[in-house]
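J.: Below you will find the structure I want to go over with you.
What follows is calculated from the coordinates using simple rules that are stated; it is not laboratory data. Predicted, not measured: the structure shown is a model, and the values here were computed from it. Counting neighbours? That spans all protein chains shown, and the Cβs are built from the backbone with ideal geometry, glycine included.
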Amino acid sequence: MKIAIDCRYIGMSGIGRVCEGILDALDFSAHSFFLIGKREKLQKYPAEIVEDSTNPYSFGGLRSFPKKLNKTCDALLVPNFLIPFGVKIPVLTVMHDLAFLDVKETTRGFKDKLIKKILLKRCMKKSKSVACVSRFTLERCERYYGKLAGKCFVNYNGISENVFAYANTHERAEKEDQIVFVGNVKPHKGLTTLLSAFSELGGDTELKIIGEKDTFLTGLQLDENAYKNVVFTGKLSDKSLFFEIARSKYLVLPSKYEGFGLPPLEALVLGTQPIVSDIPVFREVYAGLPVKFFGSEEELVALLREPPQTVDCAREIMERYSFQKQAKTLLERIEGIL
């Protein structure tokens, strides 16, 4: 088979990391692959590269699908719900969440929400199969799309080999009086809850907020200079990111809504205990793992004051959440479609 993959997300946080993880785990000897994206980011893979530097989130990106692939390839894998216009071959998509429908703050007014609603519905109609990264996301698809959700199946995200490699080649870091938050910060990510709880701690504990700084305060009325011992690091290299997580006593993910939630899994591999909000998807993904849940700001403050537990569950996480398993399942689904 000849399979095209939309790889324009590589280099972006979130979906970009998932896309790269799938490519790193893919068996390129099984089929012929055509990777759509920037050559410098894809040249390490043994596949034909179809140069395309457009932003997949833009209108231009939606219109840029290379039409020749309709004749060359048998199927297209899109690691998101944004299926480019002009695709005439079978499509398998990855649905991360339905935040645009579930969380008002994720859209910029009526027109923006309507466009995203249309594109989501188009994805559900046009896709031959939809990989949901959690049972929670699958259930939201059932809620909004009824019979169309019969195309959906659960295929959990994996964890990058880089995380396990770092954990295996570095001594366990001595814990510092530090808490870390990793991710994009939008209103539903709960950063205001974390900052408010942190301000109640007092003492010399430091909070590091790691990610692309220019998008951190989107939709949030925050003055980062108003918080004592809070450091906004901006985006870090993988090595620096893993170092900061490994030396922290807690990683906190206070999201009000997620489709999966990857940083706490990385923290567990690196020996750091996560504290996460008590929402259904976290109960699903982190079932049986040494994770602390909080339901209110007061509970978060109390947990931050407790000493963390010793964490040693990397093997279990590798068995449950691997990109090898995710990539293998995606290929099997494409083979089944054809």
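J.: Rounded to the nearest 0.05, what FRET efficiency is calculated for Thr310 and Glu142 with R0 set to 25 Å and r the Cβ-Cβ distance?
T.: 0.05
J.: Size of the dipole of segment 45-141 about the Cα centre, Lys and Arg at +1 and Asp and Glu at -1 on the beta carbon, nothing else charged, in debye to 20?
T.: It comes to approximately 560 debye.
J.: Using mean Cβ contacts within 10 Å as the protection proxy, how do 256-266, 298-308, 123-133 order, highest first?
T.: Put in order of decreasing packing, that is 256-266, 123-133, 298-308.
J.: Now for a separate question. Of Ala167, Phe153, Thr272, which is farthest towards the positive pole of the chain's charge dipole, taken about the Cα centre with +1 and -1 on the beta-carbons of Lys, Arg and Asp, Glu respectively?
T.: Checking the options against the dipole of the chain, the answer is Phe153.
J.: Where the only charges are on Cβ atoms (+1 Lys, Arg; -1 Asp, Glu), what is the dipole of the chain about its Cα centre, to the nearest 20 debye? Present the calculation step by step, with values, prior to reporting the outcome.
T.: Numbers: 48 positive and 42 negative charges, 426 e Å.
The calculation lands at about 2040 debye.
J.: Would you calculate, for the chain, the mean residue ellipticity at 222 nm contributed by helices, counting each DSSP H stretch of 4 or more residues as -39,500 (n - 2.57) and dividing by all residues, to the nearest 500?
T.: Theoretical 222 nm ellipticity from helices: -10500 deg cm²/dmol.
J.: What shape does segment 272-331 take by its C-alpha gyration tensor, where a ≥ b ≥ c are the square roots of the eigenvalues and a/c under 1.5 counts as rounded, a/b above b/c as prolate, and the rest as oblate?
T.: Cα axes put segment 272-331 in the oblate bin.
J.: Using the structure shown, select from Lys38/Lys147; Lys68/Lys128; Lys126/Lys325; Lys68/Lys125 the pairs with a Cα to Cα distance greater than 28 angstrom. Show your work: numbers first, answer last.
T.: Working: Lys38/Lys147 37 Å; Lys68/Lys128 20 Å; Lys126/Lys325 25 Å; Lys68/Lys125 23 Å.
Distance filter (> 28 Å) returns Lys38/Lys147.
J.: Here is a further query. Measuring from centroid to centroid over Cα atoms, what is the spacing of segment 266-283 and segment 76-91 in Å?
T.: 32 Å
J.: Contour minus end-to-end for Glu48 and Asp238, with contour as 0.36 nm per residue of separation and end-to-end as the Cα-Cα distance?
T.: 65.7 nm
J.: To the nearest Å, what is the center-to-center distance of segment 175-211 and segment 307-338, using C-alpha atoms only?
T.: First find each Cα centre; the distance between them is then 28 Å.
J.: Looking at the square roots a ≥ b ≥ c of the eigenvalues of the Cα gyration tensor of segment 161-320, which shape do they give, rounded for a/c under 1.5, prolate if a/b is larger than b/c, or oblate? Please list the in-between numbers first.
T.: Values: a/c = 1.42, a/b = 1.29, b/c = 1.10.
Because its axes are fairly even, with a/c under 1.5, segment 161-320 counts as rounded.
J.: Still on this structure, I have one more. Mind giving me the FRET efficiency for Ser196 and Arg108? R0 is 25 Å, r the Cβ-Cβ distance, nearest 0.05 is fine.
T.: Details: r = 25 Å, r/R0 = 1.01.
About 0.50, to the nearest 0.05.
J.: Could you grab the relative contact order for the chain? Cα pairs under 8 Å, six or more apart, rounded to a whole percent.
T.: Reported as a whole number, the value is 16 percent.
J.: Please compute the length gained on full extension between Ala173 and Arg39, using 0.36 nm multiplied by the number of residues separating them and subtracting their Cα-Cα distance.
T.: My answer for the length gained is 44.6 nm.
J.: Hey, another quick one. Which value, in debye to the nearest 20, gives the size of the charge dipole of segment 161-320 about its Cα centre, when Lys and Arg are +1 and Asp and Glu are -1 at the Cβ?
T.: 160 debye
J.: Let me have the relative contact order for segment 161-320, percent, based on Cα pairs under 8 Å that are six or more residues apart.
T.: For segment 161-320, the relative contact order is 26 percent.
J.: List the lysines whose Cα sits under 23 Å from the Cα of Lys256, skipping any in the same chain fewer than 8 residues away.
T.: Partners found: Lys104, Lys113, Lys116, Lys117, Lys186, Lys189, Lys208, Lys213, Lys235, Lys292.
J.: If you don't mind, there's one more thing I want to ask. If we count other beta carbons within 10 Å of each Cβ, what is the order of Leu251, Leu270, Leu191, Leu331, fewest first?
T.: Leu331, Leu191, Leu270, Leu251
J.: While we're on this one: Would segment 132-193 count as rounded, prolate or oblate if I go by the C-alpha gyration tensor, calling it rounded below 1.5 in a/c and otherwise prolate when a/b exceeds b/c, oblate otherwise?
T.: oblate
J.: What whole-number distance in Å separates the alpha-carbon centres of segment 105-171 and segment 7-22?
T.: A separation of 14 Å, based on Cα centres.
J.: Just to be sure I understand the model, the point goes 7 Å from the Cα along the line to the Cβ. What's the resulting Val231 to Ser13 distance in nm?
T.: 1.7 nm
J.: Still on this structure, I have one more. Please turn the phi angles of segment 48-53 into ³J(HN,Hα) values with the Karplus equation 6.51 cos²θ - 1.76 cosθ + 1.60 (θ = phi - 60°), one per residue in order, whole Hz, x for glycine and proline.
T.: Computed from phi, the couplings for segment 48-53 are 7, 9, 10, 4, 7, 9 Hz.
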